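Asker: Next up is a structure, given as structure tokens.
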Amino acid sequence: MSSKKICVLMGGTSNERDVSLVSGKNVVDALVSLNKYEVIPVVLDRDSVEDVPDCDVCFLALHGGWGESGGVQAALDKRKIPYTGPGAKASQIAMDKVKTKMVLEMKGVPTAKWTLASPGTEASPLPLPVVVKPPCDGSSVGISKVQAADEWKPALDAALAAQGGKGEVMVEAFIEGREMTVAVIDGAPLPVIEICAKGGWYGYDEKYNSDETRYPFPDDPFLPLVQQIAVDAYRACGCRGVTRVDFRIDAKNRPFVLELNTLPGMTGHSLVPKAAQQAGLSFPELCDRMIAAAKCDG
Ligand SMILES: Nc1ncnc2c1ncn2[C@@H]1O[C@H](COP(=O)(O)OP(=O)(O)O)[C@@H](O)[C@H]1O
Ligand SMILES: [Mg+2]
């Protein structure tokens, strides 16, 4: 029997291209080490899968943009090539924080109070402190916290600038407390990781440049509830395969879902591989499970 042919898609046109190239290389090395697949690295330089050869499964090591928002998923559905991670519809929901909020609220999954603000809005529509964010970006780009009234305009402008100055931005109640993230794999939660960032804010620098951000495995009696809510959020959005759910936990230990990441990082520093490791699943085993769950729609 010939071995399965796996194309590992990486790169892409989003502002997360560089991280994706690292994820992709890591995945290629892991799959080669399993010694059971024919592994083909494919670096995408445009929003198209035309250059992807016919294969048994596409492993999506893309992050952000067309790769994470349902574009590549719909294109692979058309070609009937199974791929790792959620389908086109779930990807579209998760990539848009407004759509995510609507789905979560409809299904009763706890999430922070929110509203939208348009250019020219003079003051925060919600009581301070709030967080202002572009609905369709990632990596904390364009996100700021507003504590005092005079911080409103710069925060609104920064979020608008991140989306080309157009459209509406999301305003969300600031959840004072701890930050945690839960990876869900095939509908089951992995151990909860706490994110301890300097100043309690996990911005771009704290994500990618700081040595001071710590990622311990916490030990609190309410963690099973956080895991259950992560699974509820995953199901509400119609995810499959692996998705990482980000949380803030308030002073009363109440969890609030911030957002879902349908193509989370797969680098050596990434959180999903770390959580898998804690559950006894090595990185190559994790990649193998993701391939086993690969599907396409239509
Ligand atoms: N409502 C909020 N309350 C407290 N902190 C928040 C809130 N929203 C975002 N943050 C902070 O900003 C970071 C990035 O926000 P998030 O919604 O996860 O967007 P991204 O897609 O950029 O990761 C979070 O990890 C958290 O540290
Ligand atoms: Mg996040």
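Asker: Eigenvalues of the Cα gyration tensor times 5, then square-rooted: what semi-axes does that give for region 17-63, in whole angstrom, largest first? Numbers along the way, then the final one.
Answerer: Working: eigenvalues 67, 44, 9 Å².
One finds semi-axes of 18, 15, 7 Å for region 17-63.
Asker: Restricting to Cα pairs below 8 Å that are 6+ residues apart, what does the relative contact order work out to for the chain? Please round to a whole percent.
Answerer: On the way: 664 pairs, mean separation 62.1, N = 298.
Across the chain, relative contact order equals 21 percent.
Asker: Given the chain, what whole percent of its Cα pairs are spread farther than 33 Å?
Answerer: Numbers: 9464 of 44253 pairs.
Here the long-distance tail beyond 33 Å is 21 percent of all Cα pairs in the chain.
Asker: Applying 1/(1 + (r/R0)^6) with R0 = 51 Å to the Cβ-Cβ distance of Ala123 and Gln277, what FRET efficiency is obtained, to the nearest 0.05? Intermediate results must be reported in sequence, preceding the final value.
Answerer: On the way: r = 46 Å, r/R0 = 0.91.
For Ala123 and Gln277, the calculated efficiency is 0.65.
Asker: Mind listing the phi-derived Karplus ³J(HN,Hα) values for region 31-48, rounded to whole Hz, using 6.51, -1.76 and 1.60 with θ = phi - 60°, and x for any glycine or proline?
Answerer: Working through the residues one at a time gives 5, 4, 5, 6, 6, 9, 10, 8, 10, 10, x, 10, 8, 8, 10, 8, 7, 7 Hz.
Asker: While we're on this one: So if we plug the beta-carbon distance of Lys89 and Val43 into 1/(1 + (r/R0)^6) with R0 = 35 Å, what FRET efficiency do we get, rounded to 0.05?
Answerer: Details: r = 27 Å, r/R0 = 0.76.
Efficiency computed from Cβ-Cβ geometry: 0.85.
Asker: Sort Ser124, Ser69, Ser139, Ser23 so that the residue with the fewest other Cβ atoms within 10 Å of its own Cβ comes first and the one with the most comes last.
Answerer: On the way: Ser124 19, Ser69 22, Ser139 16, Ser23 26.
If I rank by nearby Cβ atoms, fewest first, I get Ser139, Ser124, Ser69, Ser23.
Asker: Follow-up. Sort Met290, Met10 so that the residue with the fewest other Cβ atoms within 10 Å of its own Cβ comes first and the one with the most comes last.
Answerer: Working: Met290 22, Met10 27.
Exposure proxy ranking, most exposed first: Met290, Met10.
Asker: Still on this model: What percent does the relative contact order of region 152-298 come to when contacts are Cα pairs within less than 8 Å and at least six residues apart? Present the calculation step by step, with values, prior to reporting the outcome.
Answerer: On the way: 211 pairs, mean separation 33.8, N = 147.
Once normalised by length, the contact order is 23 percent.
Asker: Okay, moving on. Please compute the Cα-Cα pair-distance distribution of region 197-273 with 10 Å bins starting at 0, giving whole percents from short to long.
Answerer: 16, 46, 36, 3
Asker: Tell me, what ³J(HN,Hα) does each residue in region 130-136 have, in order and in whole Hz, if you take phi through Karplus 6.51 cos²θ - 1.76 cosθ + 1.60 with θ = phi - 60° and put x for Gly and Pro?
Answerer: With the stated coefficients, region 130-136 comes to 10, 10, 10, 9, x, x, 10 Hz.
Asker: Work out, step by step, the length gained on full extension between Tyr204 and Ala292: first 0.36 nm times the residue separation, then minus their alpha carbon distance; give nm to one decimal. List each step's numbers first, then the result.
Answerer: On the way: separation 88, 0.36 × 88 = 31.68 nm, distance 3.28 nm.
Gain on stretching Tyr204 to Ala292: 28.4 nm.
Asker: Based solely on C-alpha atoms, express the radius of gyration and the Dmax of region 30-127 in angstrom.
Answerer: Rg then Dmax for region 30-127, in Å: 18.5, 60.
Asker: Relative contact order for region 114-173: what is it in percent, counting Cα pairs under 8 Å that are at least 6 residues apart?
Answerer: On the way: 119 pairs, mean separation 28.8, N = 60.
Rounded, it is 48 percent for region 114-173.
Asker: A further question follows. 5 Å is the cut-off here: which amide hydrogens, built 1.01 Å from N in the peptide plane, fall below it relative to Thr111, excluding neighbours closer than 5 in sequence?
Answerer: Hits under the 5 Å cutoff: Val257.
Asker: Mean shadow of region 114-173, computed from the convex hull of its alpha carbons, in nm²?
Answerer: On the way: hull surface 13.4 nm².
Computed as one quarter of the Cα hull surface, the answer is 3.3 nm².
Asker: Right, here's the next one. Under a point spin-label approximation (7 Å from Cα along Cα-to-Cβ), what is the Lys36-Lys113 distance to one decimal in nm?
Answerer: Between Lys36 and Lys113, the simple spin-label model gives 5.2 nm.
Asker: Moving on. Between Gln147 and Lys99, take the C-beta separation as r, use R0 = 30 Å, and let me know the FRET efficiency to the nearest 0.05.
Answerer: Working: r = 28 Å, r/R0 = 0.93.
In this case the efficiency is close to 0.60.
Asker: Separate question: Of the beta bridges DSSP finds with both residues in the chain, what % are antiparallel, to the nearest 5? Intermediate results must be reported in sequence, preceding the final value.
Answerer: On the way: 32 of 46 bridges.
Roughly 70 percent of the beta bridges in the chain run antiparallel, per DSSP.
Each value in this text was obtained by applying a stated rule to the coordinates, not by laboratory testing. Predicted, not measured: the structure shown is a model, and the values here were computed from it. Every residue, glycine as well, gets a Cβ built from its backbone with ideal geometry; the counts of neighbours run over all protein chains shown.
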